[in-house]
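J.: Take this structure first; my questions come after.
The values are calculated or read from the model by the stated rules, or taken from the named source; none is laboratory data. Here the structure is a predicted model, which means the values were calculated and not measured. Here Cβ is always computed from backbone atoms with ideal geometry, including for glycine, and neighbour counts include all displayed protein chains.
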Amino acid sequence: MKRTLLFFLALFALLLAARMCHVAILWEGDSYPLAAAQQMLFGKMLYIGIWFDKPPLLAAFYLLEGARAGWPLRLTGALYALLACWIAYAFARDLWTRREGFWAAGLLALLLIFDYPSAAIPVASDLLMLAPHMAAVWMAWKKRPFWSGVLAGVAFWISPKGVFVALVCVLWSPVDIVWITCGFAAVGAVAAAVLWGFGALMPYWREVWLWGRLYAEGTFLESPLRSGLARTGGWIWFHAALVVAAVWFLWREAKLERVRWIGWVLIALAGVAAGLRFFPRYYFLLLAPVVPMAARGFTTLGRRRDYIALLLLIPLTRFGPSYVAALANPAWRDTAMDRESRAAAATIREMAKPGDTLFVWGYRPEIYVYTRLPAATIYLDSQPLTGVPADRHLTQSEPVETGAPARRRAQLVHSDPTFIVDGLGPYNPRLAITQYPDLRAWLADYRLAARSGNCVIYRRR
């Protein structure tokens with residue numbers, strides 16, 4: 001017990017130290033749910049008072065630390081990462097022995113530090129789903145199917161990709177499909193009842209599912225297959241130590257057990273490929289099965305273990321310098337837009353008075369976080385107002401829907417924010433807020449107050 005406690009205290013110290021290097025940075029995965037949670041603290045309801053195209057548990061997670069940037073955010077992230085490591089430990093321990101459990105927790109902690117910073121540091125939906133994902137499969141293996149379904153349901157209300165978690169649970173315990181389904185449905189019934197009680201069920205459907213379908217139907221990648229193969233190959237390279245150990249495990253595993261593990265990997269890959277974008281954070285789905293397989297593989301490699309473990313230097317040397325850059329390089333390219341947003345927010349705070357409100361055009365929700373001003377409209381960004389998703393709107397201007405954005409802009413002109421920030425137009429002039437004829441009369445009530453990098457700040461006359 002003492003050894004286990006010391007082990008997890010050491011893991012927590014490492015996870016916390018890594019995240020504190022990013023205490024002055026907000027990544028994209030942080031900013032959107034953090035801004036939504038902040039507006040909830042101002043008394044606004046998700047999907048009614050705030051347009052939010054993610055399931056509600058993602059924003060709810062950010063309420064745990066008071067929807068604040070800085071050290072509370074990073075402490076909460078470190079605690080969540082520690083929870084995921086403990087679940088990996090407990091699952092591997094129950095499958096095999098404590099030795100595999102230590103390996104699983106250590107490998108996961110390593111990859112929750114030395115991975116793409118934009119994926120590993122913010123607790124975005126894909127990372128937040130990791131803990132219930134592993135726990136759901138663990139419960140399916142332990143023949144606790146109802147709780148397996150409940151945890152898969154929790155994953156689903158964090159990200160729609162939670163449906164892939166439910167499929168894995170059924171794969172691991174097909175005879176318990178009814179109980180897994182009951183647990184999954186129970187969580188859905190409670191969440192739907194809460195939304196219905198607040199009158200937010202239909203807005204949730206429109207924002208998360210209808211808009212989400214439009215987003216998922218088209219990808220910004222010119223050749224999704226080639227990009228998917230390249231990015232998956234890159235993931236395999238950076239995680240070569242785990243992949244080699246996992247393959248060794250599969251080679252030695254009994255045929256029936258091998259089918260379950262390979263099925264889990266294939267379902268995870270299907271989740272990664274959904275939407276044909278292949279962002280680094282999507283691969284947390286794949287990490288869930290690979291970590292316990294690799295843990296078992298390392299314990300059975302014998303003397304070869306040391307040579308395979310050397311491959312762990314690949315992520316360490318590739319992503320280790322990012323922590324130095326986060327601390328000591330103010331011109332780090334990866335955080336250029338965050339620095340712009342921080343500077344723009346500082347300018348607004350100098351001009352702001354109590355009762356002032358804000359509207360941000362573009363996808364810069366971190367400006368709400370940095371200013372801590374209430375949003376003047378339900379829209380925290382311009383995606384639903386232009387019909388152009390944020391994954392492409394810096395360079396492309398073709399909308400995925402046409403009629404609905406115009407109706408939403410007609411709603412926008414009835415608001416009167418004190419400040420408007422256009423953080424998109426300087427990057428893509430075709431989508432500048434001044435390019436929309438139906439907004440020009442509304443914008444006539446505003447004057448240019450300041451420019452901060454590629455953020456144009458307007459103030460109501």
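J.: Six or more apart or on different chains, Cβ atoms under 8 Å: show the pairs whose first residue is in the range 351-370 and on the phi > 0 side of the Ramachandran plot and whose second is among the acidic types (Asp, Glu).
T.: GLY362/ASP381; GLY362/ASP422
J.: How many residues does the range 358-382 hold that are under 16 Å from MET40 (Cα atoms) and of a type in the set (S, T, N, Q)?
T.: Final tally of qualifying residues: 2.
J.: Yes or no: the range 395-418 includes at least one residue that is over 25 Å from PRO354 (Cβ atoms), among the acidic types (Asp, Glu) and under 27 Å from the mean Cα position of the chain (by Cα).
T.: Yes; the residues of the range 395-418 include at least one that is over 25 Å from PRO354 (Cβ atoms), among the acidic types (Asp, Glu) and under 27 Å from the mean Cα position of the chain (by Cα).
J.: Go through the range 27-41 residue by residue and tally those that are at pLDDT below 95 and surrounded by fewer than 24 Cβ atoms within 10 Å (Cβ to Cβ).
T.: 3
J.: Out of the residues in the range 380-394 that are within 22 Å of the chain's Cα centre (by Cα) and either within 15 Å of GLN38 (Cβ to Cβ) or hydrophobic (A, V, I, L, M, F, W, C) (or both), which is surrounded by the fewest Cβ atoms within 10 Å (Cβ to Cβ)?
T.: Restricting to residues being within 22 Å of the chain's Cα centre (by Cα) and either within 15 Å of GLN38 (Cβ to Cβ) or hydrophobic (A, V, I, L, M, F, W, C) (or both), the top hit is LEU394.
J.: Restricted to the range 111-138, and to residues that are of a type in the set (Val, Ile, Thr) and within 27 Å of PHE184 (Cα to Cα), which residue is surrounded by the fewest Cβ atoms within 10 Å (Cβ to Cβ)?
T.: Here the residue is VAL137.
J.: Moving on to the next point. Collect the residues in the range 368-405 that are out of contact with any helix residue (DSSP H, G or I) (no Cβ under 7 Å at 6 or more places or on another chain) and part of a helix (DSSP H, G or I), keeping them in residue-number order.
T.: Within the range 368-405, GLN383, GLY403, ALA404 meet the criteria.
J.: Let me ask something else about it. Can you find, within the range 190-215, the residue that is surrounded by the most Cβ atoms within 10 Å (Cβ to Cβ) among those that are closer than 11 Å to ASP53 by Cβ and of a type in the set (A, V, I, L, M, F, W, C)?
T.: Ranking the qualifying residues of the range 190-215, first place goes to TRP211.
J.: If you don't mind, there's one more thing I want to ask. So which residues in the range 1-38 are farther than 26 Å from ASP338 by Cα and assigned to a helix (DSSP H, G or I), if there are any at all?
T.: Of everything in the range 1-38, those that are farther than 26 Å from ASP338 by Cα and assigned to a helix (DSSP H, G or I) turn out to be LYS2, ARG3, THR4, LEU5, LEU6, PHE7, PHE8, LEU9, ALA10, LEU11, PHE12, ALA13.
J.: Also, I was wondering about something else. Which helices (runs of 4 or more DSSP H) does the range 110-162 wholly contain that include 1 or more residues that are under 14 Å from PRO55 (Cβ atoms), of a type in the set (A, V, I, L, M) and modelled with pLDDT of 95 or more?
T.: Counting at least 1 such residues, we get 125-128, 145-156.
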